[in-house]
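Right, one structure below, let's go through it.
Nothing in this text is a laboratory measurement; each read-out follows from the coordinates by a stated rule. For clarity, every value in this text was computed on a predicted model and none was experimentally measured. When we count neighbours, we look across all protein chains shown, and the Cβ atoms used for this are built from the backbone with ideal geometry, even at glycine.
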Amino acid sequence: MFHRNHRNQKAKTLPSARTEHDGQSEADTQSQTSDGASSSVSGAYEEVARNWRIFYSKNGFWFPFGIILGIALGIVFVGPYTLPDIPGHFSVFLEDYDISLPLPLLPIDLSRVQAEWQRLISTIPEPWKLNADGREFRVGDAIKARGLEANYPVILIPGVISTSLESWSTSPEYRAFFRQKVWGGFQMLSQVTFNREKWMSSLLLDPVTGLDPEGVKVRASEGFDAASSFIQGYWIWSKVIENLAVVNYDTNNLVLAPYDWRLTPYNLEERDGYFSVLKTTIEGFKKKQRRKCVIAAHSMGSTVRESPLHGQGGPDWVENHIQAIVSVAGTHLGVAKATAALLSGEMKDTVDLNPAGAYVLERFFSRKERQLLFRSWAGGASLWVKGGNAVWGNATHAPDDGEGGHHTYGELISFRRIDPMPPGGEDVDTPPLMQERGQTAGTTTSEGPRHSKFPLSKNLTADEAGPWILRHTPWTFRRMIAANYSYGIERDEEALKRSDIDHTKWTNPLESRLPNAPSLQIYCVYGHGKETEVSTCLANREAHAQANKRRDPTGERAYGVSRNVWAIMNMGANRYNSEPHESDYGSTSADVEAYPRDATFSEQNTSLPQDMAFARSWIDKDYTSESSNPKIRNGVKMGEGDGTVSLLSLGAMCVEGWKRKRWNPAGIKITTVELPHRPEITLPRGGANTSDHVDVLGSQALNEIILKVATGAGGEIRDNYVSRIREYAKKIRWDA
């Protein structure tokens, strides 16, 4: 638009005595000059970007960066009590290698250094210390001062990716990893950096069975250390455990129940007996302490619950063994971020990175590698949005749309057209994101004719997005989803009764019932006030895909992974003989159920599919509109929630869905507590009043709630609302 106006203004200044031919020549010259200037600026920008990429890729950057990082980590993690031991270790080193030094150099007294170091550490404000931020035991002390102590045994259930995983593989190629953490801890960082392909292959699951590939065995770590911290200094459950310890909890009445979050719930029981072990643990507490248990579950852990088929406890087992459930930031109705991760290997967290961070991420853990892992981990598919358009809205409106909005959250996946230059070299402005829904090439809009030869992709609602995604994924993933999950809404009470023995329904509260436990109390506790990814904007990249295909006919560079890593996905399939069809890659299939169930990858088929899952579409991170309603930032539509899970998913079932008898036949009391997100910006993780999805586990308010429930003072907890969740929930089509 700027170029066109610029040319028109210049044309008005031409002398009238010039001939029409001369005027045309002058206009052409100026057009070429303008286009040349634009090309020059574009070329200069690309040159700068290329120079930065070269800079980041050279040892001249990484070697000094590694030194600085090592010094920083040493300052953070080296304690002053280790300093006096340094001379002794140094002397032993010299003796081992028969090195003699002049005597004056050997007696080194670091006591003064220790004192100075201690003084330096003491000047650092406690909230800035990674391992100790000043909140340790504070809530526990306050509860204990009231005379409250441990009453009910407590079970802690982590969320997705919170549990550390360790290798038990004894195959020669994996023995170097034996009993080392391949997920969580600094060992994982070392493996990702220096042995990435082996690390990836150890975490990938068999695409056919959803279990361990041949020769690989990875299991969840055990004990409190499995989810107390992700890496040293980044706590998860440690604040809760510390405060519970103050009121007399220990290993005799407190258990953390880690699990392999990569697996579907059914495979989790089949391989590890997770639910059976959890049931036995709870029954042991009841027998020994004659008390029911309190379960505190975070995020996806809120959907990992006892089932009639796995537990075999009978209809009254929950009533007799569970006192209360505290759902912390529960993903009851799914997470838009999970859909985006499967779709493209991207999410808000990755597209928000600055250029340097994005380059490092792609260098060590590319988008396509993330995509492979996410699709291998079928357990994460339990986080897909549930309820379809009845819950999330349609192409015109959604329950949580704001007033005067420019577009709706009901379009879970949206597309923006990328137009090539039309004839004549004129620049055509890209229209607003949501204004072109349903248009095709060559149509005319209120803004004028469109010249793109590439058709627009249709914006997708929740009902449309799931089948569309599955049509573009391998048949192995489609079958895994069909065999383990259901994402609809069931209103018929007889059908809900039958769902009690259907494991595909258990992670969907809209297709399963709460247990027959009228004395059970459920507390829904979650944060509100942090912008959250609610839906995703994708760019239509047909032109880019065709250009990449011409530059890279094999598809390996475009796909972003090596053939060795891709071959990992074919492991365990030699018991089948048929070759995959083209439709197995989603390029021609028109129905999710139409995939061939007797086909598979063969061990020899290691070529990369040309149309493998979304080579033409990914998050449109170049699109940002802070003035629109709702806001769009880096291709992500922002809404209400706790920074990870949207408000509808966090609270709709708690304030409205479970008030209905069909989903809560026993009339279990549901208490909803919304915690306002009020972080202290000077503190790394927000301080005591944060309500971020993960950091809420360290908040003062949540720890008070858990300790009150555990010590028998849960009756003091009342509903607390800081959002419009009750208004939004009433707009959901629960009954129609």
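Please give the net charge around THR170, taking every other residue with its beta carbon less than 11 angstrom from that of THR170, where Lys and Arg add +1 and Asp and Glu add -1. Mind showing how you got there, number by number?
Details: positive: ARG175, ARG179, LYS217; negative: GLU173.
Summing Lys and Arg as +1 and Asp and Glu as -1 gives +2.
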With 20 Å as the limit, write out which pairs from LYS669/LYS731; LYS279/LYS337; LYS497/LYS661; LYS530/LYS637 have Cα-Cα distances beyond it, or answer none. LYS669/LYS731; LYS279/LYS337
Interchain or long-range residues, amide H under 5 Å from LEU412's placed H: LEU460, THR461, ALA462
What full-extension length gain, to one decimal in nm, is calculated for GLU493 and LEU211 as 0.36 nm per residue of separation minus the Cα-Cα distance? 98.1 nm
Using a basic spin-label model with each label point 7 Å from the Cα along Cα→Cβ, how many nm lie between THR251 and ASP500? 3.9 nm
Give the shape of segment 144-302 as rounded, prolate or oblate, defined through the alpha-carbon gyration tensor: a ≥ b ≥ c are the square roots of its eigenvalues, a/c under 1.5 means rounded, and otherwise the shape is prolate if a/b is larger than b/c and oblate if not. prolate
Proximal charge balance of ASN248 [Cβ under 14 Å; K/R count +1, D/E count -1]: -1
Ordering of 154-163, 176-185 by packing [mean C-beta count within 10 Å, highest first]: 154-163, 176-185
Around ASP272, under 10 Å between beta carbons, what's the net of Lys plus Arg minus Asp minus Glu among the other residues? -1
Using a Förster distance of 22 angstrom, determine the FRET efficiency expected from the C-beta separation of ASN689 and GLU149, and round it to 0.05. 0.25
Rg/Rg_ref, segment 670-736, where Rg_ref = 2.2 N^0.38 Å and atoms are Cα: 1.36
Amide H proximity to THR644 below 5 Å, modelled H, separation 5+ or other chain, gives HIS693
Calculate how large, on average over all directions, the projected area of the Cα convex hull of segment 186-278 is; give the answer in nm² to one decimal. 7.5 nm²
Compute the label zone of ARG726 within segment 697-718: residues whose backbone N is under 15 Å from the point 7 Å along Cα-to-Cβ. 718
19 Å cut-off, amide nitrogen to a point 7 angstrom out along ASN195 Cα→Cβ, residues in segment 363-405: 364-365
By the gyration tensor of its Cα atoms, with a ≥ b ≥ c the square roots of the eigenvalues, what is the shape of segment 247-341: rounded for a/c under 1.5, prolate for a/b over b/c, or oblate? prolate
Go through 626-636, 260-270, 186-196 and give me the packing order, highest mean Cβ count within 10 Å leading. 260-270, 626-636, 186-196
